[in-house]
Amino acid sequence: MIEDLHWSSDSLLDLVESMLQPRADLPILMIALARPELLDRRPSWGGGRRNAVSIALDPLPSQAVAELVADLLPDATPEIVDAVVERAEGNPFYAGEIVRSLIDRLGAVPDPAAVPAAIASLPDNVQATVLARLDALDPMARRVVQLGAVMGRTFEPRALPALEPSLTGAQVDGAVEALLDRDLIRSTGRGLQTFRHILIREVAYGTLPRSERARLHAAAGSWLESEAVATGREDELAELVAFHFREASVLATLLAEAPLPDLPDRAVRWLRRAAEVANAGAATVEAARHLEAAVELAPREALPDLYERLGVVWVGGDQAVEAFEHASALGRELGLGSDQHLATLAQEMIVRSRWAGSIGSQMSEPDRHGRLDEIRRLLGVVTVERARALGTLALGFGAFIADRPAAEDVAIAADASARALEMARALDDPDLISACLDAVGAVAMADDRWEETREVAQQRLVLGSRISTSERLDAAIVNTWSLTILGRLSEAELAAVQAKAGLVSGQAPAWVAGASSWRTTVLFYLGRWDDATAEAARMERALAESEIRAPWYALNGILSAWSIARARGDAVEADRWRVVATAIFERSDSTIRTQRLRALVDGEFDSLERDFVDEFLVFTGRLDHVALVLAALADRRLGTESRSLGEMIAYADERSILLVSSQARRLRGLRRHDEGDLRDALAAFEGMEARPFIARTKSEIGLLTGDSALIEGAISELEAVGDLEHATRVVAEQRAAKTALAR
């Protein structure tokens, strides 16, 4: 059972959410108590889970409060019970504090005659009642409860003399006993004490002046720092030490007081360490929060390094671009030299190209060429080999910022990627090796040579535990991506599951969203729509956790979920996914190629033929988007025969892109009324085990040939999948055909 979950850190929320996932081998009951404020931080808390139940707790009925009072005060008269019940108004904590206040004032067996006056003298709200109890403590106990509140919900009594040197251990121990007797704190073992309720801690902390809080937090940080260093627990205590030093620094600033000379530096150092600990655990967003807090406190000369590290932690997204831009600009202002300039500029360009699917702003061609030229210039003057490797890698990725890179740019990228890989291997930097291999794979992807791209991803995966979580997940996602495009759907689904294996909620959320997006897409094609819907919900939660502003790399999963909802006839769910997709479109530049998919969800199909059939090579690397559009055009019987479909089929056949060639043949077969094309498409769908499209194509062959048995069988298959939209359409088309024959 977890109490006051709304007060918890993001890490704890992530842990609890991960434990809520069903585990067949372990029966677990978890009860989490929280105020409604939790939903402000996690609006989808508990939503969409088959094994989660939310219960809104109303004020306790009078009888329940009476039982609580009787339990706390066994000898209470009916008059005392009634007086407490009336005052508490169904709040059990308030009822308990009223009873404890009465005991403090009147003893364990209160005189009934004195109770009305005692209750009347109590404050009108629970916070004031707690404050009144604290005010009634002797000075030593009151001071100890304040000092404990500075340390947190739980504190070690032996730390308190470090905050207040005038206190002795014996004085603290005596005060702790008094606080235990008054049920304000409770012993948790291992020398720790915890406040009985978080509100008691908050009220006690609120009695301290701000100036005193600053001093005490600094002392608390120093004590924890010494404990961490002495016991070798630096990583374990880094976040807590950083919290106290940061609080002390911020409070001093608010009070217009100069903090202790080294306090901000110590806060920055521990925040940086806390960020590294979080990042090592793939808690990307939490790591970024620590670094952002460090940026607020750090002196100007420390900012370039912090911003560069922030860009590395974010990995992708507009936040990473902005962080590297800040690092680069500050480095030039501070005169940090060519190596720093190249390293930060190169990393920015790598993010813009390698993680383009997470960037909402498109770089213009003149800017792209200008920055790549600057990188080439810097490569001639730098002395640090890692900066040289990053600059060369940026040239390897640089071509892929453009929607459709020119052949000469791809050739330049291929050469640069190979050279960067040699440098990375010489440096023996596993993450850099993986990134360079990814650039090699991107060259193959630029020509839709997906088997080669997959082979390179496998080389990255062989690096195993030597590479970071983000590199491993990216390689696994590229593997899944390749298998999907090649039409090896069952393998792709297994690869997507394996990509996320061992990760819990809050770990690498951007990557989890990517893997979930591909699994949702694959499950859509396989016809496992219940599983796809559940996976799409996981994808949506991970996208929210990732804080990526324009995650259009996940549009394939979003549009697959939208397609399933439409096919099921669930207009509400379809509209929900349309809103999710639209939010991404609206947070992205209008020039980004994926904006063209907006016509699909908006039902404006006129432009789809031009954008996705006539100009399908614009979507090199993302032909899964083309496949979704081809399916939508075929489902709705839209468009007329064009030469572009033949070119697309030849292109896809040459590269074994079954996901595209199958849909293109189906669409061409419908437009030409060509049974051969439809049967070829059917064979491809059967090879992929794409159940919805097997059934749809069977129905289309049956309608074309007048085979009623084939049509009826296809309708049954559509209904079994849950494809009510197409089952209804086929029935209507069959009826229309019979009516036409009758005439």
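General observations
- Value of relative contact order over the chain, rounded to a whole percent, pairs C-alpha under 8 Å and six or more apart: 7 percent
- Compared with the direct C-alpha span, the chain from D138 to E604 gains 160.3 nm at full extension, assuming 0.36 nm per residue.
- Size descriptor for segment 700-743, Kirkwood hydrodynamic radius: 10.5 Å (Cα pairs only, one decimal).
- Long-range tail of P(r) for segment 402-447 (Cα pairs > 11 Å, %): 63 percent
- Derived scalar couplings ³J(HN,Hα) [segment 357-365; Karplus, 6.51 cos²θ - 1.76 cosθ + 1.60; whole Hz; x for Gly, Pro]: x, 10, 10, x, 10, 8, 7, 6, 4
- Averaging 1/r over every pair of different alpha carbons in segment 52-127 and inverting the result gives a Kirkwood radius of 12.7 Å.
- Value of Rg to Rh for segment 269-385, rounded to two decimals, is 0.98; Kirkwood radius and Rg both from alpha-carbon coordinates.
- Amide H contacts for G527 (H built 1.01 Å from N in the peptide plane; partners 5 or more residues away or on another chain; cut-off under 5 Å): R691.
- The distance from the alpha carbon centre of segment 582-597 to that of segment 624-699 is 26 Å, rounded to a whole number.
- For the pair segment 484-534 and segment 192-267, the centres of their Cα atoms are 43 angstrom apart.
- Figure note: V313, V250 ranked by solvent-accessible area, largest first, 1.4 Å probe, ligands and nucleic acids not counted: V250, V313.
- Counting only protein heavy atoms and a probe of 1.4 Å, the accessible surface of segment 83-189 is 54% carbon and sulfur.
- MRE, 222 nm, helices only [DSSP H, n ≥ 4, -39500 (n - 2.57), over the chain, to nearest 500]: -22000 deg cm²/dmol
- Distant-in-sequence amide H partners of I2 (H built 1.01 Å from N, under 5 Å): I31, A32, L33
- Under the convention that each Lys and Arg Cβ holds +1 and each Asp and Glu Cβ holds -1, the size of the dipole of segment 1-87 around its Cα centre is about 600 debye.
- Value of Rg to Rh for segment 1-135, rounded to two decimals, is 1.11; Kirkwood radius and Rg both from alpha-carbon coordinates.
- Rough spin-label spacing in nm, given labels placed 7 Å along Cα→Cβ, for D575 and E67: 4.4 nm
- Computed over segment 239-334, the Cα gyration tensor eigenvalues convert (square root of 5λ each) into semi-axes of 23, 17, 10 Å, ordered from largest to smallest.
- For segment 431-445, 3J(HN,Hα) per residue [Karplus equation, 6.51 cos²θ - 1.76 cosθ + 1.60, θ = phi - 60°, Hz, x = Gly/Pro]: 5, 5, 4, 4, 5, 5, 4, 4, 5, 4, x, 5, 5, 5, 4
- Amide H contacts under 5 Å for R196, placed H, 5+ residues apart: I185, R186
- Mean sequence separation of contacting Cα pairs (under 8 Å, at least six apart), scaled by the length of segment 1-151, corresponds to a relative contact order of 16 percent.
- Size of electric dipole in segment 487-567: Cβ of Lys, Arg +1 and of Asp, Glu -1, about Cα centre, debye, nearest 20: 100 debye
- Note on L254 and A280: their simple-model spin labels are 3.2 nm apart, each label 7 Å out from Cα toward Cβ.
- Among (1) 236; (2) 410; (3) 199, the entry derived from the coordinates for volume of the Cα convex hull per residue in Å³: (3)
- Accessible surface calculations at 1.4 Å, restricted to protein heavy atoms, place the chain at 43 Å² per residue.
- For GluC sites (Glu not before Pro), the sites in segment 255-352 that DSSP calls loop and that have at most 16 other Cβ atoms within 10 Å are E257.
- The trypsin sites (Lys or Arg not before Pro) of segment 140-227 that DSSP puts in a loop, and whose beta carbon has at most 12 other beta carbons within 10 Å, are R190.
- Relative contact order, whole percent, for segment 133-229 stands at 33, derived from Cα pairs under 8 Å and 6 or more residues apart.
- Distance from segment 705-743 to segment 327-352 (C-alpha centre basis), Å: 62 Å
- Estimated vicinal HN-Hα couplings, Hz - segment 10-15 in sequence order (Karplus 6.51, -1.76, 1.60; Gly, Pro = x): 4, 4, 5, 4, 4, 4
The values are calculated or read from the model by the stated rules, or taken from the named source; none is laboratory data. Quick caveat, the model's predicted, so the values are computed rather than measured. Because the Cβ atoms are built from the backbone with ideal geometry, glycine has one as well, and the counts that use them run over all protein chains shown. Surface accessibility is based on the protein's heavy atoms, side chains included, excluding ligands, DNA and RNA. Shrake-Rupley method; radii C 1.70, N 1.55, O 1.52, S 1.80 Å.
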